[in-house]
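Asks: Quick one: this structure, given as C-alpha cells, is what I'll be asking you about.
The values are calculated or read from the model by the stated rules, or taken from the named source; none is laboratory data. Bear in mind that the values here come from a model prediction, so they are computed numbers and not experimental data. Quick reminder, even Gly has a Cβ in these numbers, built from the backbone with ideal geometry, and neighbours come from all protein chains shown.
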Amino acid sequence: MAEELAQDALMRVVRDWPRVQKMDTPEAWLHRVALNLTNSFFRRRAAEARAKERLASQPETYIQPATPEHLAVREAVAALPRRQKTALVLRYFGALFVRETAQVMDCPEGTVKTLTHKAIRALRDLQQLEELREVSDGT
C-alpha cells in the first residue's frame with residue numbers, strides 16, 4: 001500500500017513537472033501530495049468499513065427473483081454515466097450518507113448531491129420507465 005501511494009505521488013510530480021519545477025521547494029510539494037493521498041486512502045477505507053459494518057448489522061432480506069420491471073430499472077441505471085451511477089448506487093443501494101459517498105468517491109459532498117440529482121432526473125425522463133409507471137398505476 002505504501003509503495004503504491006509513493007508511486008502515485010511520484011507520478012503526479014512527473015505529470016505536473018512543468019509547474020512543480022518552478023516551485024521554491026518541489027520536495028515539500030511532493031510530501032504534501034503524498035500526505036494528501038495517504039489521508040484520502042485512509043478516509044475511503046474507514047468509510048468502506050463503516051458501510052460494511054452498517055450492512056452487516058441489517059437483517060438479511062429475501063431477494064425476490066428479477067421481474068421485468070426490476071430488469072428495466074437495472075438496465076436504466078446501468079446506462080447512466082459512470083459517476084452518476086456510482087453516486088446513485090452508493091447512496092440508495094449501498095445506503096451511504098452523502099458524506100460517506102463523497103469520501104468513497106473522493107469528491108466534495110456537493111458533487112455527490114449533483115450527480116445523484118442528475119441520475120434520478122435522467123431515470124425519471126426515460127420512456128421505458130414511464131411505461132412501467134403507467135402499468136403500475138393501472139392507466
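Asks: Given Glu100, Glu27, which one is on the phi < 0 side of the Ramachandran plot, surrounded by 14 or more Cβ atoms within 10 Å (Cβ to Cβ), in a helix (DSSP H, G or I) and acidic (Asp, Glu)?
Replies: Testing whether each residue is on the phi < 0 side of the Ramachandran plot, surrounded by 14 or more Cβ atoms within 10 Å (Cβ to Cβ), in a helix (DSSP H, G or I) and acidic (Asp, Glu) leaves just Glu100.
Asks: Pairs, please: C-beta under 9 Å, at least 6 apart or cross-chain, first residue within 15 Å of Gly94 (Cβ to Cβ) and in the range 27-55, second among the hydroxyl-bearing types (Ser, Thr, Tyr)?
Replies: Ala47/Thr101
Asks: To continue, here is another question. For the range 1-57, which positions are of a type in the set (Val, Ile, Thr) and more than 23 Å from Phe97 (Cα to Cα)?
Replies: Within the range 1-57, Val13, Val14, Val20, Thr25, Val33 meet the criteria.
Asks: So which residues in the range 51-79 are modelled with pLDDT of 85 or more and surrounded by 14 or more Cβ atoms within 10 Å (Cβ to Cβ)?
Replies: Ala51, Ala76, Val77
Asks: Still on this structure, please answer the following. Kindly indicate the residue of the range 80-94 that is outside any helix (DSSP H, G or I) and surrounded by 13 or more Cβ atoms within 10 Å (Cβ to Cβ) and also modelled with the lowest pLDDT among those meeting that condition.
Replies: This residue is Gly94.
Asks: Let me ask something else. Working carefully through the options Arg54, Arg44, find the one that is assigned to a helix (DSSP H, G or I) and more than 14 Å from the chain's Cα centre (by Cα).
Replies: Answer to the check: Arg54.
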